[in-house]
1. Would you work out the relative contact order for the chain, in percent, from Cα pairs under 8 angstrom that are 6 or more residues apart?
2. Fewest to most neighbouring Cβ within 10 Å: what's the order for Val3, Val9?
3. Can you list residues whose amide H is under 5 Å from Leu18's amide H, if they're 5+ apart or on another chain and H is modeled 1.01 Å from N?
4. On a 0 to 90° scale, report how tilted helix 36-54 is relative to the longest principal axis of the chain, with both axes built from alpha carbons and the result rounded to the nearest 10.
5. Going through the cross-link list Lys12/Lys54; Lys34/Lys54; Lys2/Lys44, which pairs have a Cα-Cα distance over 22 Å in this structure?
6. Would you tally the net charge around Gly21, using a Cβ to Cβ cut-off of less than 15 Å, leaving Gly21 out, and scoring K and R as +1, D and E as -1?
7. In debye to the nearest 20, how big a dipole does the chain give about its Cα centre with +1 on each Lys and Arg Cβ and -1 on each Asp and Glu Cβ?
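A short reminder: the numbers here are calculations on the coordinates, not readings from a lab. Source: prediction; values computed, not measured. Reconstructed Cβ throughout: ideal geometry from the backbone, glycine too, with neighbour counts over all protein chains shown.
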Amino acid sequence: MKVRSFTVVIEKDPAVGLYVGEVPGLTGCHSQGKTIDELLRNMKEVIELVLEVKGAEHIELPQVVGIQQIEVGA
């Protein structure tokens, strides 16, 4: 079995206190968890399910080159 690496973007939702993750470019691949460890376990499961449904060999993901914060006066 081929091993692939995926980038997971993680945010913390202050309204519910959960960590939320998604894989950029992989439609439907998102999950949540009370801790980052729980989120990552959930994300691994979701990634495996999405790959099974869509066919892993046919998926080309964009290369994530960075995340930037920009300050704007509001």
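1. Working: 74 pairs, mean separation 15.2, N = 74.
The value is 21 percent.
2. Details: Val3 4, Val9 12.
Final ranking by Cβ density, sparse to dense: Val3, Val9.
3. Asp13
4. Roughly 40 degrees, rounded to the nearest 10.
5. Numbers: Lys12/Lys54 28 Å; Lys34/Lys54 28 Å; Lys2/Lys44 15 Å.
Cα-Cα > 22 Å for Lys12/Lys54; Lys34/Lys54; rest within.
6. Values: positive: Lys12, Lys34, Arg41, Lys44; negative: Glu11, Asp13, Glu22, Asp37, Glu38, Glu45, Glu48.
For residues surrounding Gly21, the net value is -3.
7. Working: 7 positive and 11 negative charges, 27 e Å.
Charge dipole of the chain: 140 debye, to the nearest 20.
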